Amino acid sequence: EDQVTQSPEALRLQEGESSSLNCSYTVSGLRGLFWYRQDPGKGPEFLFTLYSAGEEKEKERLKATLTKKESFLHITAPKPEDSATYLCAVQANSGYALNFGKGTSLLVTP
Amino acid sequence: DTAVSQTPKYLVTQMGNDKSIKCEQNLGHDTMYWYKQDSKKFLKIMFSYNNKELIINETVPNRFSPKSPDKAHLNLHINSLELGDSAVYFCASSQSSGNTQYFGPGTRLTVL
């Protein structure tokens, strides 16, 4: 059965303090690994898709990386507006559904 | 220019009632989904339709019935609502499988 575990559950950073969020996964044939951002009261907002080990993608202060067992979301010099819940999900070759982790709740303080 | 929209945004109802949630996407996608997010914020797939055909039907009580009148719409009807149905329901769409799923704003259902 596909499994996605995100850590830490919650993270508090000072503005400018870089850190990484982890997403460990097991899946029978990875089609893609997805990162979403979710603000309170809103739907998940797409950030990145990674398809194969070694792949990296960047957007502003965020960089996502992928290995065969885990993905990291690196946040460089975060700002308060980066505060949100970050969700990781995997999609298996066999299906359409996204299997989500429980998310990391990030708070960036000024 | 809303991509995936849902109505209503909030739904408060009594136990035992029947209610529907509507979803529409204007992205031209051929696949739509319903996800449930529980009180612990865990998102779980419920159903998926591809070109109006049901392709995912997870272990969900048969009080939940999805309906896709066309590729741009996917509705969720819930019969005999129970307290445990309280959650946020998200609609999403994608162009076939393996592609990015775009989510709607969610419908917060509260069953009293």
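Since every read-out is calculated from the coordinates, none of them should be taken as a lab result. Keep in mind that what you see is a predicted model, and the values were worked out from it rather than measured. Note that we place each Cβ from the backbone using ideal geometry, even for glycine, and neighbour counts take in every protein chain shown.
At 0.692 mPa s and 37 °C, plugging the Kirkwood radius over alpha-carbon pairs of the range B:1-86 into Stokes-Einstein gives what diffusion coefficient in µm²/s? Before the final figure, lay out the partial values.
Details: Rh = 13.6 Å.
Taking Rh from Cα pairs, D becomes 241 µm²/s.
To the nearest 20 Debye, how big is the dipole of the protein assembly as shown about its Cα centre, given +1 on the beta carbon of each Lys and Arg and -1 on that of each Asp and Glu? Write out the running numbers ahead of the final one.
On the way: 24 positive and 24 negative charges, 49 e Å.
In debye, rounded to 20, the protein assembly as shown gives about 240.
Only bridges whose two residues both fall in chain A count here: according to DSSP, what percent of them are antiparallel, nearest 5? All intermediate terms of the calculation are to be shown ahead of the outcome.
Values: 38 of 43 bridges.
Roughly 90 percent of the DSSP beta bridges within chain A come out antiparallel.
Residue farthest toward the positive end of the dipole of the protein assembly as shown, with Cβ of Lys/Arg at +1 and Asp/Glu at -1: which of A:100, B:14, A:75?
B:14
For a quick check: sort B:21, B:55 by the number of other beta carbons within 10 angstrom, fewest at the front. Walk me through the numbers before you get to the answer.
Details: B:21 23, B:55 15.
The order, fewest Cβ neighbours first, is B:55, B:21.
Could you let me know the centre-to-centre spacing of the range B:62-76 and the range B:1-42, using Cα atoms, in angstrom?
10 Å
Can you give the FRET efficiency to the nearest 0.05 for residue B:67 and residue A:77, using r as the Cβ-Cβ distance and R₀ = 35 Å? All intermediate terms of the calculation are to be shown ahead of the outcome.
Working: r = 47 Å, r/R0 = 1.35.
Computed FRET efficiency for residue B:67 and residue A:77: 0.15.
Which links in A:68/B:41; A:69/B:40; B:41/B:67; B:9/B:41; B:9/B:36; A:42/B:22 stretch past 23 Å when you go from one Cα to the other? Mind dumping the intermediate values first?
On the way: A:68/B:41 26 Å; A:69/B:40 25 Å; B:41/B:67 25 Å; B:9/B:41 17 Å; B:9/B:36 14 Å; A:42/B:22 17 Å.
Too far apart for the 23 Å limit: A:68/B:41; A:69/B:40; B:41/B:67.
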